[in-house]
Amino acid sequence: MAPTSPDGPLGPELSEAERRFEYWRRKSGLWLAPALFLIVWLLPLDLPAEQHRLVSVLALIVVLWVTEALPLALTGLLAPVMMVLTGVVPVAKAFAPFADPIMFLFIGAFVLAKGIQLHGLDRRFAYAVLTHPFVGNRPSRILFAYGLVSLLISMWISNTATVAMLFPIGLAIIRMLKHVDPSILSTRYPSGLMLMTAFAAAIGGLATPVGTPTNLIGLGFVRRQLGVDIAFFDWMLFAVPIVIVLFMGLYVYLNTLCRTGTKEIAGMDRLLRSERSALGPLSIAERNTMLAFGVAVALWVLPGFLAIGYGNDHPVTQAVSRHIPESIAALIGAVLLFFLPVDRARGSFTLTVGQALDIDWGILAMYGGGIALGQTVFDLGLAGSIAGMLGPVVPSEGVGLTAVSAGIATLVSELTSNVSSANMVVPLVIALAGQGGLTAALAATLASSLGFMLPISTPTNAIVYSSGYIPLGRMVRYGLLLDLLGFLVILLGSLILIPTSSPL
């Protein structure tokens with residue numbers, strides 16, 4: 001059923017042609033994946049037996065990832081299951097990545113995000129920015145502020161959740177603009193506002209390790225295969241400048257291509273302030289959530305500030321990094337939500353266990369399976385074999401490898417989920433480059449979050465496309481422009497900002 005707004009139907013989420021493509025893409029995977037598994041299994045490959053069996057499993061899983069014939073979470077669980085069934089690794093080793101510390105960073109971050117969404121803290125923040133005096137009645141500033149809200153929120157909670165929250169606010173802004181100036185619907189401004197929602201959220205997710213699952217997947221491969229442990233603060237040192245440049249580029253081109261034809265719309269600020277007033281004063285639950293989230297963020301960045309003040313080798317810096325790693329910081333913040341009371345007399349707390357369990361467990365399954373598969377590729381020496389085969393045609397170091405890595409990740413992210421893109425591309429990059437592949441691996445991780453051209457590229461694109469304000473051709477053109485800009489900014493930013501000779 002097509003989504004609706006007070007203005008009427010907003011149009012189908014996907015066109016009929018896109019629906020047919022999605023149907024056949026998924027259906028083809030159901031027979032193509034097992035067929036390719038059997039073909040690779042029977043081929044006379046010049047590989048040791050365990051590596052040969054692992055290649056068969058890889059073929060099966062990669063096809064299922066690309067076609068999404070099965071839910072991604074189920075495919076993630078299938079990876080270690082197939083490795084055990086085919087005798088590639090024992091069961092304990094296959095499922096060991098599911099106990100990786102990053103898994104608990106996921107859980108803690110997801111629980112904190114649940115508290116923020118549940119108590120409406122994200123919505124309050126959105127209206128606080130949109131009603132700032134700087135914004136006023138100017139459509140160009142509304143576009144900037146709205147995008148900034150999307151970017152800042154997606155730094156801490158999932159891109160999809162961010163867009164799902166901002167989407168109705170964006171529709172309300174368009175409705176308000178239509179009420180004040182009906183001619184607004186004949187311009188490209190509604191398209192710009194909707195695209196800003198999704199595109200800014202994807203860019204904001206790059207800024208922190210917890211901004212999007214692809215970041216944590218890439219960090220997991222870097223830590224396991226390269227032995228480089230990148231701290232929360234260190235990630236932000238190179239990612240935030242990239243995010244700032246990308247967002248400013250996004251704003252400039254959307255503001256240029258999607259103008260309203262008027263510099264000011266009288267009464268817009270008043271309408272937004274009335275929406276903010278309807279939220280009422282801060283509740284106890286909101287204050288508690290702010291406290292828990294603030295504690296987690298403070299603990300995440302504390303080692304970085306200590307390193308600046310005392311140096312990386314100082315005992316205090318080392319002790320804090322050792323005893324309060326990112327996963328523990330996230331869990332401390334999450335646990336606080338269960339203890340901070342809303343009403344002591346009634347035994348009511350900020351978050352209940354039932355509410356906390358309503359998080360995206362599928363990402364955890366996808367992460368664990370992807371890391372298990374990637375780790376086994378290295379442990380059995382298959383990574384070296386693949387690198388030997390691709391070495392003559394793919395650069396193995398320097399600018400060339402970084403460019404190819406970011407380019408492939410960008411392309412793959414258009415064809416399949418960002419999580420799948422990171423799981424496929426990052427370990428391949430590390431296999432090609434070895435210990436010198438830190439910059440290329442992180443560039444591929446960042447580029448895996450691109451994919452702006454199609455409604456099917458990411459859930460965020462699909463959400464805003466369902467508004468009916470974005471013609472498909474416009475999404476493809478504007479998305480392609482942002483893909484190219486993102487590739488260039490990530491490539492240059494990675495080469496300039498990420499050290500290559502020593503760990504971060």
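What the table shows:
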item	result
Matching residues in region 85-109 - criterion: being within 18 Å of L58 (Cβ to Cβ), β-branched (V, I, T) and surrounded by fewer than 22 Cβ atoms within 10 Å (Cβ to Cβ)	T86, V89
Test: residue in region 57-71 that is at negative phi, out of contact with any Ser or Thr (no Cβ under 6 Å at 6 or more places or on another chain) and aromatic (F, W, Y)	no
Residues that are over 17 Å from N159 (Cα atoms), among the aliphatic types (A, V, I, L, M) and touching a residue at least 40 places away in the same chain (Cβ under 8 Å), drawn from region 459-481	I470, L472, M475, L481
Selected residue [touching a helix residue (DSSP H, G or I) at 6+ places or on another chain (Cβ under 7 Å) and over 30 Å from V88 (Cα atoms)] from L357, L373, L340	L340
Filter pass, I153 being more than 19 Å from L282 (Cβ to Cβ) and out of contact with any Pro (no Cβ under 8 Å at 6 or more places or on another chain)	no
Any helices (runs of 4 or more DSSP H) falling wholly within region 76-139 and containing at least 1 residues that are within 23 Å of the chain's Cα centre (by Cα)	101-118, 121-130
Near pairs, Cβ below 8 angstrom, 6+ apart or cross-chain, from region 353-372 (more than 16 Å from V111 (Cβ to Cβ)) to any residue that is surrounded by 15 or more Cβ atoms within 10 Å (Cβ to Cβ) and basic (K, R)	I371/R224
Identity of the residue in region 164-207, surrounded by fewer than 24 Cβ atoms within 10 Å (Cβ to Cβ) and not in a helix (DSSP H, G or I), that ends up modelled with the lowest pLDDT	D181
Only one of L216, L250 that is modelled with pLDDT of 90 or more, part of a helix (DSSP H, G or I), surrounded by 22 or more Cβ atoms within 10 Å (Cβ to Cβ) and not charged (D, E, K, R)	L250
Residues located in region 130-154, provided they are farther than 21 Å from A113 by Cβ, of a type in the set (S, T, N, Q) and out of contact with any Asp or Glu (no Cβ under 6 Å at 6 or more places or on another chain)	T131, S140
Given (1) more than 32 Å from the chain's Cα centre (by Cα); (2) modelled with pLDDT of 85 or more, index of the condition I265 fails	(2)
Identity of the residue in region 339-370, under 30 Å from A79 (Cα atoms) and of a type in the set (A, V, I, L, M), that ends up surrounded by the fewest Cβ atoms within 10 Å (Cβ to Cβ)	V353
Hey, L112 surrounded by 21 or more Cβ atoms within 10 Å (Cβ to Cβ) and out of contact with any Asp or Glu (no Cβ under 7 Å at 6 or more places or on another chain) or not	yes
Residues being more than 17 Å from G400 (Cα to Cα), more than 15 Å from the chain's Cα centre (by Cα) and among the hydrophobic types (A, V, I, L, M, F, W, C) - total across region 417-455	3
Qualifying positions in region 136-149 - of a type in the set (A, V, I, L, M) and touching a Leu at 6+ places or on another chain (Cβ under 8 Å)	I142, L143, A145, V149
Any hit, region 42-49, residues being surrounded by 16 or more Cβ atoms within 10 Å (Cβ to Cβ) and either modelled with pLDDT under 90 or within 18 Å of Q375 (Cβ to Cβ) (or both)	yes
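The values are calculated or read from the model by the stated rules, or taken from the named source; none is laboratory data. Fair warning: this is a prediction, and the values are worked out from it, not measured in the lab. Neighbour counts are summed over all protein chains in view; Cβ atoms, including those assigned to glycine, are modelled from backbone coordinates with ideal geometry.
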